[in-house]
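What follows is a short report on a single structure.
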Amino acid sequence: MSDQYILIVEDELEIAELVEFHAKRDGMQTKVVHSGKTALEAIAKETPSAVVLDLMLPDVDGLEVLRRIRRSETNAKLPVLIVSAKGEESDVLVGIELGADDYVTKPFSPRILMARLKNVLRRYGHDEQDHQSDVPESFVLCSGQLVIDPARHVVTLHDEEIELTLTEFGMLQYLAARPGFVRTREQIISAVHGRATVLSSRTVDVHVTALRRKLGTIGNCIETVRGVGYRFAEASEQSLEA
């Protein structure tokens, strides 16, 4: 039994049992709750390794649970995987914009769900098969103004830490690892979320907009290559403000 503790928030008993069965089969510890209120209480009592979150819940809905997690001082970076019957692109975009790390629509393949959950855990450093030697070194970019530390999952701008979601961090790290190289939206989705994904190319644009806003004066380092995708500007091309 691993020390990975998964909080499953699902009001449909059969689906909750299905997710719990497969998580336990993969060696994870689980706790199942059936409402948003009890989910928030459970998180406050003991921080899980990740949350599998339904959206249509009694009392406090899933999006509000997600909002409160992201506003929390202690659990703002808690991995959250949404599992919902609301599968329109607009629904997925809202979940991602609010800070969900991945989004799986119902009905789903349990194998794909677990693969996506493990991917989220891995990117947050909860994968027991990961080794410190596999973590890339820090990136120092934009004349030292921007530092990306993959080992600690921290980004600093002008020596101050900035808050990024897991997806935003993964995208920034992927683009910054090879300055000047153009990445298609499909490549970015695959690198950050894995090959099995329901996310559309439009989701990448949403995250890039958020990244640029959070990066402030150096947000223009992430350049749009019209008709292709995005790249992180090479040092010689970056127009930085003082």
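The values are calculated or read from the model by the stated rules, or taken from the named source; none is laboratory data. Note that the coordinates shown come from a computational prediction; the quantities given were computed from them, not determined experimentally. All Cβ positions, even for glycine, are placed from backbone atoms using ideal geometry, and neighbour counts span all protein chains on display.
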When residues of the range 120-156 are limited to those that are more than 15 Å from the chain's Cα centre (by Cα) and of a type in the set (Gly, Ala, Ser), the one modelled with the highest pLDDT: ALA151
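Being part of a helix (DSSP H, G or I), among the hydroxyl-bearing types (Ser, Thr, Tyr) and more than 30 Å from ALA115 (Cα to Cα) is true for just one of THR203, THR156, THR217. Which residue is that?
On the way: THR203 fails: more than 30 Å from ALA115 (Cα to Cα); THR156 fails: part of a helix (DSSP H, G or I).
Within the list THR203, THR156, THR217, the selection yields THR217.
Within the range 16-68, track down each residue that is assigned to a strand (DSSP E or B) and over 25 Å from GLY87 (Cβ atoms). Full working, then the answer.
From the range 16-68, those assigned to a strand (DSSP E or B) are 29-33, 50-53; that's our starting set.
Those that are assigned to a strand (DSSP E or B) and over 25 Å from GLY87 (Cβ atoms): GLN29, LYS31.
Looking at TYR103, TYR5, can you tell me which residue is surrounded by 20 or more Cβ atoms within 10 Å (Cβ to Cβ) and among the aromatic types (Phe, Trp, Tyr)?
Values: TYR5 fails: surrounded by 20 or more Cβ atoms within 10 Å (Cβ to Cβ).
Being surrounded by 20 or more Cβ atoms within 10 Å (Cβ to Cβ) and among the aromatic types (Phe, Trp, Tyr) holds for just one of TYR103, TYR5, which is TYR103.
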Filtered residues of the range 164-183 (kept if over 24 Å from LEU98 (Cα atoms) and hydrophobic (A, V, I, L, M, F, W, C)): ALA177, PHE181, VAL182
Only listed residue being closer than 15 Å to ASP102 by Cβ, in contact (Cβ under 8 Å) with a residue 40 or more places away in the chain and in contact with a strand residue (DSSP E or B) (Cβ under 7 Å, 6 or more places away or on another chain), chosen from VAL51, VAL65: VAL51
The range 159-193, residues that are assigned to a helix (DSSP H, G or I) and either exposed (fewer than 15 other Cβ atoms within 10 Å of the Cβ) or touching a Ser or Thr at 6+ places or on another chain (Cβ under 8 Å) (or both): ARG185, GLU186, ILE189, SER190, VAL192, HIS193
